[in-house]
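Peer 1: Structure below; questions to follow.
What follows is calculated from the coordinates using simple rules that are stated; it is not laboratory data. Here the structure is a predicted model, which means the values were calculated and not measured. Note that each Cβ is placed from the backbone with ideal geometry, even for glycine, and that neighbours are counted across all protein chains shown.
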Amino acid sequence: MNLLPGWIDTIGSIAATLTTVAFVPQTLLTLRTRDVSGISLPMYLAFTLGIALWLVYGCLIGAWPVIIANAFTLLLAGTILAMKIWFEATGTD
């Protein structure tokens, strides 16, 4: 593509921001309601592992938009995953 490098980073940063921010409402809802019944444990395990690997990949290639977005997404997805495991183990669900 013949986009200026600044535009490429801008597009990547916007995409990273949107996909990361998308997890905030789910995380807050799950914290507030403690309802994890609609959350698939295998899906969140695979997703969280995938995000962790994206973070490692971003670190290896030095891509800051990838690193920052996946660090925050890992925190949010990891929080939901932890709540899913904890609430089901303690019978809170």
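Peer 1: List the helices (runs of 4 or more DSSP H) inside region 1-77, counting only whole elements, that have at least 2 residues being of a type in the set (S, T, N, Q).
Peer 2: 5-21, 23-33
Peer 1: Within region 73-93, can you find the residues that are out of contact with any Phe, Trp or Tyr (no Cβ under 7 Å at 6 or more places or on another chain) and surrounded by fewer than 19 Cβ atoms within 10 Å (Cβ to Cβ)?
Peer 2: Hits for region 73-93 are Leu75, Gly78, Thr79, Ala82, Ile85, Trp86, Phe87, Glu88, Ala89, Thr90, Gly91, Thr92.
Peer 1: If you don't mind, another one. Within region 22-42, identify whether any single residue is without any contact (Cβ under 8 Å) to a residue 60 or more places away in the chain, exposed (fewer than 11 other Cβ atoms within 10 Å of the Cβ) and aliphatic (A, V, I, L, M), and answer yes or no.
Peer 2: no
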